[in-house]
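Coordinate-derived values only; no laboratory data. All figures in this text were calculated on a predicted structure; none of them were measured in a lab. Glycine also receives a Cβ, built like all others from the backbone with ideal geometry; neighbour counts cover every protein chain displayed.
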């Protein structure tokens, strides 16, 4: 009788074994993607590398409980690096904690003042262009590892296009082993996804790469063992000078993070097949959830958590549908740090690079490129400008450039040539 009641409840909620498998496998893949990325981002900021992982562990439970997008996975992102790095250089880990906490409070202020709904009012063409640009950035950023030509030059380039140029100069040194592992992951994930949309495609690719690496005796760099060490509370003191240093950086970081969170949330919803605009209150609530979560992380000196397309898309591709995936992603990260060994520690880095590159290919949204000739001119220009700007400059400025196309069209139609008004102009 109890089993019958549980089955009825599962059907009533629309959640069954397939959804549970999707959440579990998606959470695991998100954690595998998060581990090397979080370590690298924290190192760029000048923080202890493990703090980049603790960002996800500390904030995920709160985001899963309070966030409105159940499969939006947060973590340390490149968009926050300049702000945190500047604080670390001036005041150490305590400075990073201060600017993160200030930014978190401002994000909560955006929620209370209901500004999130306005920040999220970005035209669909800009969102799609942002998605494609991020996909290209993810793909290009992992090619040096997949090709086996990783160097300080390819990792320190000022933009994705410069990184691509540096990569082209080193094509003569391509190695077979990492190329084989990376391409194998991408091919296996693609085939698994076509076989079943709910299959844990990236996990299948990673498993095959581990087997092949062991069979052929490839000695590529691996994740390696890690030790669990809970970070202590960060001590810091406020000073009058912080009004001129911490507050401006905190406000800029809050705005950049808010744009990142809300745009990424819309991109994730787009790939879930939900093209209708969410409730306006959802954007405000999302910023409030991330603000509360990041205050908790900032107390330990962990960098700000924002929406991560690669991890979120991994959950979507694996069939995840609820906040359980976010919790699993945090638990798996904690387990990796706690155990510090096992199968996960032997995953080759080219295999993880292949996962991220495959996610980038998925984000490229080929259907949008096929629709490009049918778009209105303003939509097409905004789409291309946003996508190219993500690669040429950075993600936040790219959104501003894409939106400026609509602003210029509005000014032109309204004031310069009012007789040229066209019915297809929609300022979203």
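Quick rundown of the values:
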{"item": "Global form of the range 372-420, assessed from the alpha-carbon gyration tensor, a/c cut-off 1.5", "result": "oblate"}
{"item": "Ascending count of other beta-carbon atoms within 10 Å, so fewest first, for 406, 15", "result": "15, 406"}
{"item": "Those residues of the range 65-104 whose amide nitrogen sits under 11 Å from the label point placed on residue 241, 7 Å along Cα→Cβ", "result": "90-91"}
{"item": "Inter-label distance for residue 65 and residue 404, nm, one decimal - labels placed 7 Å from Cα along Cα-to-Cβ", "result": "4.3 nm"}
{"item": "222 nm mean residue ellipticity, helices alone, for the chain (DSSP H n ≥ 4; -39,500 (n - 2.57); rounded to 500)", "result": "-23000 deg cm²/dmol"}
{"item": "Normalised contact order of the range 372-420, rounded percent, pairs of Cα under 8 Å and 6 or more residues apart", "result": "30 percent"}
{"item": "Gaussian network model of the chain, Cα within-10 Å springs - most flexible of 256, 28, 206", "result": "256"}
{"item": "Cα gyration tensor category, rounded, prolate or oblate, for the chain with a/c compared to 1.5", "result": "rounded"}
{"item": "Cα gyration tensor shape of the range 96-175, rounded if a/c is under 1.5, else prolate or oblate by comparing a/b with b/c", "result": "oblate"}
{"item": "Mean Cα-pair separation over length for the chain, i.e. relative contact order, pairs under 8 Å, 6 or more apart, %", "result": "36 percent"}
{"item": "Stretchable slack from residue 219 to residue 121, in nm (0.36 nm times residue separation minus alpha-carbon distance)", "result": "30.4 nm"}
{"item": "Using a Förster distance of 45 Å, the FRET efficiency for residue 195-residue 81 (Cβ separation, nearest 0.05)", "result": "0.75"}
{"item": "Contour excess over end-to-end distance, with Cα ends at residue 285 and residue 176 and 0.36 nm allotted per residue", "result": "34.4 nm"}
{"item": "Inter-label distance, nm, simple model (7 Å from Cα along the C-beta direction), residue 159/residue 367", "result": "3.0 nm"}
{"item": "Pair residue 393, residue 18: separation of 7 Å Cα→Cβ label points (nm)", "result": "4.4 nm"}
